[in-house]
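To start, the structure under review is shown below, and the notes come after it.
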Amino acid sequence: MYDEDELDAIRESRESWEAETLEPVLDSYGERKDRFATVSNMEVDRLYTPEDVADIDYGEDLGFPGEEPYTRGAYPTMYRGRTWTMRQFAGFGTAEETNERFHYLIDEGQTGLSTAFDMPSLMGLDSDHPMSDGEVGKEGVAVDTLADMEVLFDGIDVGEVSTSFTINPSAAVIYAMYVALADQQGVPRDQIRATFQNDMLKEFIAQKEWVIPPEPSLDIVTDTVEFAVEETPKVHPISISGYHIREAGSTAAQEAAFTLADGFAYVEDALDRGLETDQFAPQLSFFFNSHNSIFEEIAKFRASRRIYARIMRDWYGAECPESKRMKFHTQTAGQSLTAQQPLNNIVRTTIQALAGVLGGTQSLHTNSYDEALALPSEEAVRVALRTQQIIAEESGAADIVDPLGGSFAIEKLTNEMEAEIMAYIEEIRELGEGSVRDGVLEGIEQGYFHREIQEASYEYQKRVDAGDEIMVGVNKYAIEEDTSIDLLHVDDASQEHQLKRLKRVKEERDDEAVEETLDSLSDAIDNGENVMPYIVDAVKVYASMGEIMEVFADHHGTYQEKIGLA
């Protein structure tokens, strides 16, 4: 963006500044640290100048918002058109309790719903399973059958609200329940707006919630993609998730690289299924973490959009702009929250949320300040939502599209982030001998991702323990006084309430119809058919989550058995 004469003049000016202005100050006072680096240990320079961005081609590398390569934003007006969706995670206890929280959030100005499930639901177990005892409703809402979903969305028109579901091994069942609920409410399937996390590759890499092995898990994910294309065009059947990879201890570049690789694996699997890129790619979405190093995070988001656009075009033949436009949800970093001095978490969350906004997120969840201790209280949820509203309405951050675009520092960091991300993606592709999908599956099998994340996590913790990475209130500025706060407690009565409803549903339903639909689902698996229509049929006759997932386990075995944990 600069000619050689201009760069020479800038270089001479910088050298003069260093000698005449900088060096005397360094000699007299020095700097706070010998080395400055991000949370990911990415070293940052003291100063950035046009020399650092001399190789940038504005049209090819930056462009304009809403146009390739989308570095500057997914849409031309970004938040000047409308602000990001404010989507606070909610779910605890029974469907009644979570429904009440949903209505509270809507009344407080939230623009989208996001559902947290309890561990039995996440693992495809019914609340009456022996392993569920003590876990029902504890870290999210319990959903066993369509009856729970009916209560969960009581008084909420699923044709009017956009809902996110954070669930993975049993995502297809929740998807089917939501479709069945829309059918009940008379909402046309092509009007349903929802996002299902449903990212099973990430589970084997980081979060570790699984039922069946990777390959059949991938088959079910692709079934949901195919079903979404045909039946629910406004549904995002996968939210390809880096959040949990980052929470497991990865660096920012690893988070982006492994997430993009998972996304390209799903693309390749759908192509092998016979779908065209432009048929399904517009319905893919992503989910990223936003951590404390604000400039690193902004660079990560911008670089990820650029990489996605180019690879979707060059590797997978995408032509439609929507197929190349990366859309993502952001959540502030749970790993950064501290139990010590929990009110400090409000500030951390604000910085992280601002990074998401300046990086161009499409929706945002801000963590509550008490989440290191328990499920968030109503007050903490309100503060978290108000944080977003203040950024949107008072700060001015939403008024300029890509306001840091053109910053020497941001553009240099974006380029460095892109290079590191692409190096990982190419390495994964080599593992698969030219296929990203096969590389991801091979990487899971070999433990490649685990090793990379483990090493990054270990190095980070060493820096914290040494005091090189400061955590305010933990390894610096700690205090002795009691900083405990009021917490949300899930009553043990919630489990009893849930068990009674499940028992009643199983007593009142048509058992022959349940058996018939489960047999049809089993036949569909045997015949290699798309399982989604059969799961919809099963949930409509109140087959339970556990009964449906057991059919898949009977056919494929469990992943625990495969790796010797069963």
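Overview of values
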{"read-out": "Spin-label pair R11/V25, simplified geometry with 7 Å Cα→Cβ offset, distance in nm", "value": "2.4 nm"}
{"read-out": "Residue-normalised accessible area of the range 64-203, expressed per residue, 1.4 Å probe, Å²", "value": "32 Å²"}
{"read-out": "Stokes-Einstein translational diffusion, the range 244-311 - Kirkwood Rh over all Cα pairs, 1.567 mPa s, 4 °C, in µm²/s", "value": "100 µm²/s"}
{"read-out": "Rounded accessible area of H244 (nearest 10 Å², 1.4 Å probe)", "value": "20 Å²"}
{"read-out": "Label point distance in nm, E430-M1, each placed 7 Å from Cα along Cα→Cβ", "value": "3.3 nm"}
{"read-out": "Cα lying deepest toward the dipole's positive end in the chain, options V514, Y243, Q389, charges on Cβ", "value": "Q389"}
{"read-out": "Residue-normalised accessible area of the range 390-490, given per residue in Å² at a 1.4 Å probe", "value": "57 Å²"}
{"read-out": "Principal axis dimensions, largest first and in whole angstrom, of the chain by Cα", "value": "87, 59, 48"}
{"read-out": "Carbon + sulfur, % of accessible area of the range 172-281 - ligands and nucleic acids excluded, 1.4 Å", "value": "43 percent"}
{"read-out": "Accessible-area value, K234, 1.4 Å probe, nucleic acids and ligands omitted, Å²", "value": "100 Å²"}
{"read-out": "Nearest-ten-degree value, helix 378-393 long axis tilted from longest Cα axis of the chain", "value": "50 degrees"}
{"read-out": "Nearest-ten-degree value, helix 214-231 long axis tilted from longest Cα axis of the chain", "value": "80 degrees"}
{"read-out": "Tilt relative to the chain, helix 171-185 - C-alpha long axis, 0 to 90 degrees, to 10", "value": "70 degrees"}
{"read-out": "Links that overshoot a 29 Å alpha carbon limit, given the list K202/K506; K234/K500; K33/K412; K327/K412; K234/K412; K138/K503", "value": "K202/K506; K234/K500; K234/K412"}
{"read-out": "Extension reserve of the Y458-A339 stretch, reckoned as 0.36 nm per residue once the Cα distance is removed", "value": "40.8 nm"}
{"read-out": "Gain upon complete extension [E480, E561; 0.36 nm per residue less C-alpha separation]", "value": "24.4 nm"}
{"read-out": "The chain: relative contact order in percent, alpha carbon pairs under 8 Å with at least 6 residues between", "value": "18 percent"}
{"read-out": "Accessible area in square angstrom per residue, the range 258-360, 1.4 angstrom probe", "value": "26 Å²"}
{"read-out": "Largest-first principal axis extents, alpha carbons of the range 411-566, Å", "value": "64, 55, 37"}
{"read-out": "Only Lys, Arg (+1) and Asp, Glu (-1) charged, at Cβ; the range 372-456 dipole about Cα centre in debye", "value": "320 debye"}
{"read-out": "Charged-residue dipole, Cβ positions (Lys, Arg, Asp, Glu), the chain about Cα centre, Debye nearest 20", "value": "1100 debye"}
{"read-out": "Inter-part distance where the range 411-483 and the range 81-155 are each reduced to a Cα centre, Å", "value": "31 Å"}
{"read-out": "Residues in the range 61-90 that a label on Q389 would reach, taking backbone N under 14 Å of a point 7 Å out along Cα→Cβ", "value": "86-88"}
{"read-out": "Accessible surface of the range 1-131, 1.4 Å probe, proportion on carbon and sulfur as whole %", "value": "48 percent"}
{"read-out": "With every protein chain in place, the range 451-536: carbon and sulfur % of accessible area (1.4 Å)", "value": "44 percent"}
{"read-out": "Listed residues P65, A142, I212: farthest to the positive end of the dipole of the chain (Cβ charges)", "value": "P65"}
{"read-out": "Neighbour-limited loop hits for GluC sites (Glu not before Pro), the range 148-226 (at most 14 other Cβ within 10 Å; DSSP other than H, G, I, E, B)", "value": "E160"}
{"read-out": "Relative contact order for the range 22-125, counting Cα pairs under 8 Å that sit 6 or more residues apart, in percent", "value": "14 percent"}
{"read-out": "Gained length - V44 relative to E100, 0.36 nm times residue gap less alpha-carbon distance", "value": "15.5 nm"}
{"read-out": "Using a Förster distance of 30 Å, the FRET efficiency for E108-E160 (Cβ separation, nearest 0.05)", "value": "0.95"}
{"read-out": "Over the range 267-362, relative contact order from alpha-carbon pairs under 8 Å, at least 6 apart, %", "value": "39 percent"}
{"read-out": "Mean Cβ count within 10 Å, highest first, over the residues of peptides 369-378, 303-312", "value": "303-312, 369-378"}
{"read-out": "Furthest towards positive pole of dipole, M417, I400, I479, structure part the range 384-485, Cβ charges", "value": "I479"}
{"read-out": "Sparsely packed trypsin sites (Lys or Arg not before Pro) within the range 21-94, loop by DSSP, other Cβ within 10 Å at most 13", "value": "R32, K33, R35, R46, R82"}
{"read-out": "Electrostatic dipole magnitude of the range 270-395 [Cβ: Lys, Arg +1; Asp, Glu -1; Cα centre; debye, to 20]", "value": "380 debye"}
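The values are calculated or read from the model by the stated rules, or taken from the named source; none is laboratory data. The structure displayed is predicted, hence computed values, not measured ones. All Cβ positions, even for glycine, are placed from backbone atoms using ideal geometry, and neighbour counts span all protein chains on display. All accessible areas refer to the heavy atoms of the entire protein, side chains included, with ligands and DNA or RNA removed. Shrake-Rupley method; radii C 1.70, N 1.55, O 1.52, S 1.80 Å.
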